[in-house]
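The values are calculated or read from the model by the stated rules, or taken from the named source; none is laboratory data. The structure displayed is predicted, hence computed values, not measured ones. So basically every Cβ, Gly included, is an ideal-geometry build from the backbone, and we count neighbours across all protein chains shown.
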Amino acid sequence: MENHNYENEGQFQRKMTSRHLFMLSLGGVIGTGLFLSSGYTIAQAGPLGAILSYLVGAIVVYLVMLSLGELAVAMPERDPFTPMPLNLSVREPDLR
């Protein structure tokens with residue numbers, strides 16, 4: 001732990017990097033898109049249809065995240081998301 005500089009620990013720094021600006025703009029675009037598309041969805045499907053469609057979408061996203069978690073546990077690697085499709089496409093199927 002000798003290599004760490006702890007003199008500024010616990011103090012906030014007033015700076016924004018390009019990563020922070022990118023995340024702020026991405027969040028703004030996603031939020032605006034969701035707001036506008038929600039209005040269109042409610043106009044087309046009605047309130048109950050919009051709630052049901054968002055619920056189905058949330059379930060699909062949840063199942064995809066569960067699948068990614070299972071794959072990350074089954075094939076632990078340092079960077080699991082880039083080699084994972086290659087590993088799945090190159091492997092021979094286990095037909096036992």
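Points worth noting:
- Against the test of being surrounded by 10 or more Cβ atoms within 10 Å (Cβ to Cβ) and within 14 Å of the chain's Cα centre (by Cα), the options 27, 49 yield a single qualifying residue, 27.
- Test for residue 87: is it surrounded by 10 or more Cβ atoms within 10 Å (Cβ to Cβ), polar (S, T, N, Q) and at pLDDT below 75: yes
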